[in-house]
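Below is one structure, written out as structure tokens; the observations come after it.
The values are calculated or read from the model by the stated rules, or taken from the named source; none is laboratory data. Owing to the predicted nature of the structure, the values given are computational and were not obtained by experimental measurement. All Cβ positions, even for glycine, are placed from backbone atoms using ideal geometry, and neighbour counts span all protein chains on display. The protein model used for the area step is the full one, side chains on, heavy atoms only, and it has no ligands, DNA or RNA in it. Shrake-Rupley method; radii C 1.70, N 1.55, O 1.52, S 1.80 Å.
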Amino acid sequence: MARAAVLGRLNWLVGQLADVREETATARTLILDVPGWPGHLPGQHVDVRLTAEDGYSTERSYSIASAPDGSRLELTIQRLEDGEVSPYLTMVLSRRDPLELRGPIGGYFAWRPADSRPVLLIGGGSGVVPLMAMVRTRIASGGTAPMRLIYSTRSPDTLLYAAELERIAAGHADLDVDVVYTRAGPPDWAGRVGRLDARQLRELAGQHAADTQCFVCGPTGFVESVARLLIGQGIEAQQIRTERFGPSGGTA
Ligand SMILES: Cc1cc2nc3c(=O)[nH]c(=O)nc-3n(C[C@H](O)[C@H](O)[C@H](O)COP(=O)(O)OP(=O)(O)OC[C@H]3O[C@@H](n4cnc5c(N)ncnc54)[C@H](O)[C@@H]3O)c2cc1C
């Protein structure tokens with residue numbers, strides 16, 4: 001009901017694909033110009049609507065990857081080979097093509113840069129996208145909140161934003177980035193390979209401050225398992241915000 005009321009106030013806007021950035025062999029960032037874009041908070045998403053010539057229409061949600069930047073918006077789409085929408089967005093949509101979208105949607109899974117409390121971001125697979133928007137906003141706004149990103153992905157081949165994450169990890173005090181590889185690490189990788197567990201989370205995140213804010217995003221199975229780990233480490237449920245991307249049982 002509340003979502004229906006909010007969406008009722010949001011108009012469909014027509015963006016234009018200004019540019020693309022290939023992130024991995026199966027993921028692409030769409031850089032869009034969206035006249036009339038009202039601005040967003042990092043963590044929010046948009047609905048994208050595709051309409052075929054025969055009038056058939058379908059919608060999907062995509063998190064905003066970029067920090068607020070006028071009418072510019074970036075979405076990072078992970079292609080599912082048997083998917084209906086993601087193959088179109090990653091392989092067919094071309095520069096200067098229009099794209100219908102509405103948003104921003106979701107005020108709960110959003111980080112406000114004026115908030116100086118410590119932030120722990122944990123993303124699995126493309127669940128890193130809204131967390132990247134938070135990291136980018138923290139940098140662009142000159143915020144001071146200590147922030148740590150733990151990003152779980154299968155292997156170096158599936159790592160989104162690889163070069164940017166490396167720069168961020170090297171160049172920003174109080175902004176830490178750790179990658180957890182679940183299937184295979186880089187050739188010189190001395191770290192562990194496998195799903196994030198309680199011990200590794202404790203090692204990476206250290207002692208949680210009493211007011212730490214946690215944002216967890218990814219496939220449903222990943223989000224539920226990480227939320228359980230956080231609760232097991234003494235984080236209160238109200239300190240944990242979650243966003244689930246896919247069908248249940250998925251992992252990253
Ligand atoms: C709030 C929100 C934000 C999202 N943000 C992003 C984002 O930033 N980037 C992004 O790439 N995706 C994101 N998603 C997922 C996105 O909405 C689509 O579900 C995804 O692109 C698949 O759509 P599709 O039409 O290609 O596949 P579909 O035709 O819908 O599905 C094809 C097959 O894949 C399975 N499937 C569907 N979704 C997933 C999934 N996420 N993981 C694994 N299997 C799946 C289906 O059960 C089906 O078997 C987000 C979802 C939500 C709810």
Cβ contacts < 9 Å: first residue over 13 Å from Leu160 (Cα atoms), restricted to region 65-83; second residue at pLDDT below 95 and near the ligand (Cβ under 7 Å from one of its atoms), any location; separation 6+ or different chain. Result?
Leu80/Gly246
Within region 40-62, considering residues that are near the ligand (Cβ under 10 Å from one of its atoms) and of a type in the set (A, V, I, L, M), the one most open to solvent (accessible area, probe 1.4 Å)
Leu50
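Kindly indicate which of Asp174, Asp178 is under 20 Å from Leu120 (Cβ atoms), modelled with pLDDT under 95 and open to solvent by 20 Å² or more (accessible area, probe 1.4 Å).
Details: Asp178 fails: modelled with pLDDT under 95.
Exactly one residue qualifies, and that residue is Asp174.
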Count of residues meeting criterion [away from the ligand (no atom under 13 Å from the Cβ), hydroxyl-bearing (Ser, Thr, Tyr) and within 14 Å of Val223 (Cα to Cα)] in region 125-152:
2
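Can we say Glu81 is more than 9 Å from the ligand (Cβ to nearest atom) and not assigned by TED's automatic domain parsing to the domain that holds Asp211?
no
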Residues of region 102-136 that turn out to be over 27 Å from Asp157 (Cβ atoms) and surrounded by 24 or more Cβ atoms within 10 Å (Cβ to Cβ), as a count
1
Pro104 being free of Cβ contacts under 8 Å to residues at least 12 places away in the same chain and of a type outside the set (A, V, I, L, M, F, W, C):
no
Output yes when any residue across region 140-155 is under 19 Å from Ala18 (Cβ atoms) and among the β-branched types (Val, Ile, Thr), and no when none is.
no
So in region 141-171, with the set limited to residues that are at pLDDT below 95 and among the small types (Gly, Ala, Ser), which one is most open to solvent (accessible area, probe 1.4 Å)?
Ala170
May I ask you to verify whether Val177 is within 16 Å of the ligand (Cβ to nearest atom) and within 27 Å of Leu201 (Cα to Cα)?
no
Of the residues Thr76, Thr26, which single one is within 14 Å of the ligand (Cβ to nearest atom) and open to solvent by less than 30 Å² (accessible area, probe 1.4 Å)?
Thr76
Would you mind finding the one in Ala184, Ala205, Ala227 that is in contact (Cβ under 8 Å) with a residue 12 or more places away in the chain and buried (at least 20 other Cβ atoms within 10 Å of the Cβ)?
Ala205
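Would you call Leu93 open to solvent by less than 10 Å² (accessible area, probe 1.4 Å) and within 15 Å of the ligand (Cβ to nearest atom)?
Criteria met by Leu93.
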Among the residues of region 208-224, count how many are charged (D, E, K, R) and either in contact (Cβ under 8 Å) with a residue 40 or more places away in the chain or buried (at least 18 other Cβ atoms within 10 Å of the Cβ) (or both).
1
Residue list for region 239-252, filter: modelled with pLDDT of 95 or more and either more than 10 Å from the ligand (Cβ to nearest atom) or in contact with a strand residue (DSSP E or B) (Cβ under 7 Å, 6 or more places away or on another chain) (or both):
Gln239, Ile240, Arg241, Thr242, Glu243
If you go through region 22-64, how many residues are closer than 14 Å to Phe245 by Cα and in a loop (DSSP other than H, G, I, E, B)?
2
